[in-house]
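Worksheet: one structure, shown below.
The values are calculated or read from the model by the stated rules, or taken from the named source; none is laboratory data. The structure displayed is predicted, hence computed values, not measured ones. Positions of Cβ are generated from backbone atoms using ideal geometry, with glycine treated the same way; all protein chains shown enter the neighbour counts.
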Amino acid sequence: MKKNIVVFGAGGHAKAVIDAIEREGQYRIAGLLDSYKAAGSEVYGYRILGNEQYLLEHREEIDGCIVAIGDNWGRAGIVDRISSLCPDFPFVTAVHPGAWIARGAVLGQGTVVMAGAVVNSDTVIGEHCVLYPKASVDHDSQVGDYATLAPGATTGGNVTIGEYSVLSLGANVIHSVRVGEHTVIGAGATVLNDIGGYAVAYGTPAAVARSRAAGERYL
């Protein structure tokens, strides 16, 4: 019997997450949670049940949750709220069957890997990360918690991406390079050297344009 889960989020990103869950076929989506949309409305035929308080009231009926919020900082905030209300509540991963997860690769809880994405051998993806369609992380790399690789973002092998960081559309990071935490690499950039934390960098080769605060919007 499939486990009952809820998806937190009811926007565009949530639609893509729902698609990955449906196609993977491991879970039954009991409904959606959202802090802003009214309970009773629907997305893709799934009813919005309420907000995170629903989990507190229906804990025995729900086997897990996935937070489908596109913004890294916003996603982390929802995870923290759920964990505070329901300590040890399980978060599930979702891997589209069109993705490739290689031997030795590890995915943290709450992470979503979408169609066409690749996680290569012995790469570790942290918790609550998002790999959008055709994102690729090559062998022996490390991606920190709450990081995002946008569609078409690619890394070489032995790369480190810090927590809460973003590789935007089509960005490329060559092998053995480190990108620090809370950093955004701009669309189409090519990272040839290490980029520190709390920065916005873009261009080819990528260069730091300015500093960035934790939680600063990038979407």
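Taking the condition at pLDDT 95 or above and either under 21 Å from Ala76 (Cα atoms) or crowded, with 24+ Cβ neighbours inside 10 Å (or both), does Gly215 pass? Criteria met by Gly215. I'd like to check something: does the stretch 6-19 contain any residue that is touching a Cys at 6+ places or on another chain (Cβ under 7 Å) and either surrounded by 16 or more Cβ atoms within 10 Å (Cβ to Cβ) or assigned by TED's automatic domain parsing to the domain that holds Gly116 (or both)? Yes: one or more hits. Restricting the first member to the stretch 44-59 and to residues that are under 19 Å from Ala16 (Cα atoms) and in the same structural domain as Ile78 (by TED's automatic domain parsing), and the second to residues that are surrounded by 13 or more Cβ atoms within 10 Å (Cβ to Cβ) and of a type in the set (Asp, Glu), the beta-carbon pairs closer than 6 Å and six or more apart or on different chains are Ile48/Asp34. Once the stretch 112-140 is narrowed to residues that are of a type in the set (Val, Ile, Thr) and under 16 Å from Arg23 (Cα atoms), the residue that is surrounded by the fewest Cβ atoms within 10 Å (Cβ to Cβ) is Val112.
Here Leu169 meets each of (1) among the aliphatic types (A, V, I, L, M); (2) assigned to a loop (DSSP other than H, G, I, E, B); (3) touching a Cys at 6+ places or on another chain (Cβ under 9 Å) with one exception, condition (3).
Could you list, in sequence order, all residues of the stretch 91-104 that are within 16 Å of Asp145 (Cβ to Cβ), in a loop (DSSP other than H, G, I, E, B) and of a type outside the set (S, T, N, Q)?
The one that is within 16 Å of Asp145 (Cβ to Cβ), in a loop (DSSP other than H, G, I, E, B) and of a type outside the set (S, T, N, Q): Val92.
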